[in-house]
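Please treat every number below as a calculation from the coordinates, not as lab data. Because the structure is a prediction, the values reported are computed rather than measured. Note: ideal-geometry Cβ built from the backbone for every residue, glycine included; neighbour counts use all protein chains shown.
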Amino acid sequence: MSVTVRTLAPGDRPALKALLMAEGAFRDDEVAVALELIDEALAGADSGYWVRVAELGAEVAGYICYGPTPMTEATYDLYWLVVGAQFRRRGVARALARAMEGDLSARGGGSVRVETSDTEGYGAARRLYEALGYPMACRLADFYRPGDDLIIYYKRL
């Protein structure tokens, strides 16, 4: 079964919320921010946030949220890349990332920045970014809280 990536539709919000809630790695405040960005993307194309949804068969399997980095000419931020546990290791994350990179290249994008935590709950995400060719560019110690560093990945398109 192949992965289909499409633009966000208003009816996707409940499925995306369920993916976020089931993840387990996200705190309540993180889920709230993720839903806020989804809502902004649903509000209109001028929001500065773009969301693409992956389907495997007829099921929503994951999503990616990204947008322009303020005060830059061709740099973009990858804000969220979420894949449901039952859909992992089936190419969903790779399909979402490639769809984002293709979209950004078409928009004249030059690079993508990803910020994440260095806690174990984000270990799979860090391994994924590295496998997708996003090298670590920076580590800021104790950024989120003591013992929780910020890791920044940065890829030229």
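Express in % the proportion of alpha carbon pairs of the chain at distances exceeding 29 Å.
Tail of the P(r) past 29 Å holds 12 percent of the pairs.
To two decimal places, what compactness ratio does region 107-157 give when its Cα radius of gyration is scaled by 2.2 N^0.38 Å? Please report the intermediate quantities before stating the final value.
Working: Rg = 11.6 Å, N = 51, 2.2 N^0.38 = 9.8 Å.
Its radius of gyration relative to the 2.2 N^0.38 Å reference: 1.18.
Relative to 2.2 N^0.38 Å, what does the C-alpha radius of gyration of region 11-88 come to as a ratio? Two decimals please.
Ratio of Rg to 2.2 N^0.38 Å for region 11-88: 1.11.
Tell me the label-point distance for the pair ALA124, SER2, using the 7 Å Cα-to-Cβ offset, in nm and rounded to one decimal.
2.5
Compute, for the chain, the length of the dipole vector about the Cα centre, with Cβ point charges of +1 (Lys, Arg) and -1 (Asp, Glu) only. Units Debye, rounded to 20. Could you put the intermediate results ahead of the total?
Values: 18 positive and 22 negative charges, 147 e Å.
Roughly 700 debye, rounded to the nearest 20.
Set the Förster distance to 25 Å, then compute FRET efficiency between ALA43 and ALA141 from the Cβ-Cβ distance, nearest 0.05.
Using R0 = 25 Å, I get an efficiency of 0.10.
Sorted by average packing, counted as other Cβ atoms within 10 angstrom per residue and highest first, what order do 95-106, 22-33, 5-16 take?
95-106, 5-16, 22-33
What's the percent breakdown of Cα-Cα distances in region 1-41 across 10 Å bins, shortest bin first?
Calculated P(r), rounded to whole percents: 26, 50, 22, 1.
Defining a contact as two alpha carbons under 8 Å apart and six or more residues distant in sequence, what relative contact order in percent does region 3-156 show?
Computed value for region 3-156: 18 percent relative contact order.
Roughly how compact is region 18-62, stated as its Cα Rg over 2.2 N^0.38 Å to two decimals?
On the way: Rg = 11.8 Å, N = 45, 2.2 N^0.38 = 9.3 Å.
Compactness ratio reported: 1.27.
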